[in-house]
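Before any comments, here is the structure.
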Amino acid sequence: MISCSIGVLAGSPAWSQDVEGNVQGDTAAAAAPAQEIIVTARKRAETLIAAPVSVTVVSGGELDKKGLTKLDDLSQTVPQLVIGDIGSNITGGVVLIRGVGVSESNPFSDQAVSFNVDGVQVGRATIRRVAEIDVAQIEVLKGPQALHFGKNSPAGIISIRTADPGSDFEAGFHTSYEIKADEIRADGYVSGPLTDALGARVMVYGSDMQGYFRNVVTPSEELGPTKRRVPSGHEYGGRVTLVYDDGSDVTARFKLSHGRLRGSGPDDIVQVVACPQGVSQLAPLVDDCSANNTVLHANTPPALAELHPGIASQPYTKLNLTLASLELNYDLSDALTLTSVSGYYKSKQSQSTNFVNADSNAIGILSGSWQAFKVDEFNQELRLESDFDGPLNFLVGAYGQTSQLSQPSSIWANFDQPAQFQGDVRKQKGDAISAFAQLSYDIMPTLEFSAGGRYSYEKKKFSVTTLDGDPKPTATPKRSWNDFSPEVVLTWRPDSDLTVYGGYKKGFLSGGFNAGAGSTALDRSYDQQTSRGFEVGVKSRILDRRLRFSLVGYDYEIRGLQVAASVVNSSTGIPDAILVNAAKVSQRGVEFEADFSATDALSLHTAIAYNRARYKDFDIAPCYSGQSVDFR
């Protein structure tokens, strides 16, 4: 796979401040520029050039100037990053870096690419809806990030820092309009000091969208469609930020975000574009199987809508999100800082749909469903970091998370002879703890050796009850996993304009349980996934620092790759979407990025990446509906 991007940008640099570039030696420090792009890829502030990590930085100003209004739009400017919605799914999101990720077809799974929003780790793609507004800076870290970030992320991290209040009063307003979907978005903020020590920032946002697909289902009095343009809906929310700094040894930052979404239904973004059998497997009677921005989606038959209070004739999606974080920093001395980050994430979603994409004249095969999904997660991290003048420094810490997931559902198939193939409440309770440590030693003023690792332990429990609360038996009610992920890096910085590094990394993603629609009498669990391998890179600035570039090469092996499979229920014909450990994969590639400041007002950006991934073993190969063993 080869991916690339090229762009022209007139604007200002990313998060900038006066620093010395975190380089070694008096000569290098004296040569450091007054303005630098600062990253926190290693949980410390250092320049982009100095950080021995494959990271792409996008500032809030760049997002505005490039017209990137959503995190999903980052795929246009960050090669090998894919973010997007996914239909027929209660959680509705997928994130991939370098082709590696975990589908959220199973809502109980953690993503292989996590989001870190203001220090809080969230392994679920829905968090992006409250994290993509009023952004100060985004760092896309590629490859295993086990050492420095919460629950290990074997494919990468999207680290987001939202805007803080400044020392002066300010206010702003942004609006945008997208022609294809007739979507208007707007957000505004007010920010400034409340006292000499306390600053506040309040942000609100909203959007309304008419839809970018045409629903071409045959009109029917009972089966609609209610809307011809889909997906449609509106979204709104806001964030409050408080920052306390009285000049003492203690500083604090509190953020509370909340968002609400009301949409037309989860299947409105499902478009059938390939039909090996000549007709759509999803809609066997009518579908043109072309990528022509049309969908075929009837309303739920009224008779099915009467079977459960959550099932509605008109499909809908409702989503409420809350994210809270509290960061406390205590300077124990001039060289020791203790940091505490507490986070709470809550998501509550419900949806109703006719999940069979068939025409209204095929009423016999139409179905109806109601599903809800609730997430409650609490995170706590403590870390102690040194900044000694000598050659030896350290970072130590601990992390804990507890989570409660719940998926109640009532799903009925086949209008002619309605049969309930799922009607229960599936729950997963998880606890994760880990400890991490890193030592860095300056072998010489320009050569740094760092080594560390994270030990992780996770356990999860799976339970099922009827909708009335009566327990149902489960084949495997609990499982646990543990892992040690080391990281060793050697970094050479001859001056503030050149960094060369190489190292070994390992990443870990725990296993879990499948929610889905299958029988709980079977084992619903799957195992952990790990990534291990080597990465080398060079970062430099040349031509009077007008040209900045990075070149990265990597070679990883992924074991126990978690992939989505579909097991068809023989009695209803409805697929059960599950995760399985299917494969061992080798992954190699090269990435190149460059920024050129042509003038003070004009900069050019280009990036190109090559990724070669091959299955070394593949134990399970799911077929699409109707595929035979001979068709491979």
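The values are calculated or read from the model by the stated rules, or taken from the named source; none is laboratory data. Fair warning: this is a prediction, and the values are worked out from it, not measured in the lab. Cβ: placed from backbone, ideal geometry, glycine included. Neighbour counts: every protein chain shown. Just the protein is used for accessible areas: all its heavy atoms, side chains included, with ligands, DNA and RNA removed. Shrake-Rupley method; radii C 1.70, N 1.55, O 1.52, S 1.80 Å.
Derived scalar couplings between HN and Hα for the range 543-551 equal 6, 6, 6, 7, 10, 10, 9, 9, 10 Hz in order, rounded to whole Hz, by the Karplus curve 6.51 cos²θ - 1.76 cosθ + 1.60 (θ = phi - 60°), x for Gly and Pro. Think of the chain as a dipole: +1 on every Lys or Arg Cβ, -1 on every Asp or Glu Cβ, centred on the Cα centre; then among 315, 40, 507, 315 lies furthest on the positive end.
For a straight C-alpha distance cut-off of 19 angstrom, the aspartates and glutamates reachable from residue 616 (same-chain residues fewer than eight places away being disregarded) are 527, 555, 557.
Dipole orientation for the range 410-553: of the candidates 480, 440, 419, 440 has the Cα lying most toward the positive pole (charges on Cβ; Lys, Arg +1; Asp, Glu -1). Counting only protein heavy atoms and a 1.4 Å probe, the range 235-379 has 40 square angstrom of accessible area per residue. Here, P(r) means the percent of Cα pairs in each 5 Å bin from 0 to the largest distance; for the range 348-501 it is 2, 7, 11, 11, 11, 9, 8, 8, 7, 7, 6, 5, 4, 2, 1, 0.
Taking all Cα pairs closer than 8 Å and separated by 6 or more residues, the relative contact order of the range 360-479 comes to 22 percent. From the largest down, the range 483-556 spans 67, 25, 17 angstrom on the principal axes of its Cα atoms. Dipole of the chain computed with +1 at Lys/Arg Cβ and -1 at Asp/Glu Cβ about the Cα centre; of 345, 172, 520, farthest Cα towards the positive end is 520. Dipole magnitude for the chain: about 1580 debye, using +1 per Lys or Arg Cβ and -1 per Asp or Glu Cβ, origin at the Cα centre.
Computed with every protein chain present, the accessible area of residue 370 is close to 40 Å² [probe 1.4 Å]. FRET efficiency for the residue 441 to residue 45 pair, using the beta carbon distance and R₀ = 30 Å, is estimated at 0.90.
Here the range 186-200 is scanned for amide nitrogen atoms under 13 Å from the site 7 Å beyond the Cα of residue 136 along Cα-to-Cβ, giving 192, 199-200. Between residue 472 and residue 540, the modelled labels are 6.2 nm apart [label points 7 Å from Cα along Cα→Cβ].
Of the accessible area of the chain, with the probe set at 1.4 angstrom, what percent is carbon plus sulfur?
Numbers: 15040 of 26520 Å².
Ligands and nucleic acids excluded, carbon and sulfur reach 57 percent.
Restricting the calculation to alpha carbons of the range 231-282 gives Rg and Dmax of 23.1, 71 angstrom. Determine the relative contact order of the chain: mean sequence separation of Cα pairs under 8 Å and six or more apart, normalised by residue count, in whole percent. With pairs under 8 Å counted, the relative contact order is 12 percent.
For the range 50-172, averaging the sequence separation of C-alpha pairs within contact (under 8 Å, six or more residues apart) and dividing by the residue count gives a relative contact order of 24 percent. Charge dipole of the range 181-284 (Cα centre as origin; +1 on each Lys and Arg Cβ, -1 on each Asp and Glu Cβ, all else neutral): 220 debye, rounded to the nearest 20. In µm²/s, what is D for the chain at 20 °C and 1.002 mPa s, where D = kT/(6 pi eta Rh) by Stokes-Einstein and Rh is the Kirkwood radius from Cα pairs? Approximately 83 µm²/s, per Stokes-Einstein.
Normalised per residue, the accessible area of the range 37-176 is 23 Å², obtained with a 1.4 Å probe and no contribution from ligands, DNA or RNA.
Magnitude of the charge dipole for the range 165-204, about its Cα centre and with charges confined to Cβ atoms of Lys, Arg (+1) and Asp, Glu (-1), is about 60 debye. Per-residue ellipticity at 222 nm computed for the chain from its helices equals -500 deg cm²/dmol, with DSSP H segments shorter than 4 residues left out and the rest contributing -39,500 (n - 2.57). At full extension, residue 170 and residue 197 could sit 8.0 nm farther apart than now, given 0.36 nm per residue minus the alpha carbon distance.
Sorted from greatest to least, the principal axis extents spanned by the alpha carbons of the range 294-433 come out as 77, 33, 22 Å.
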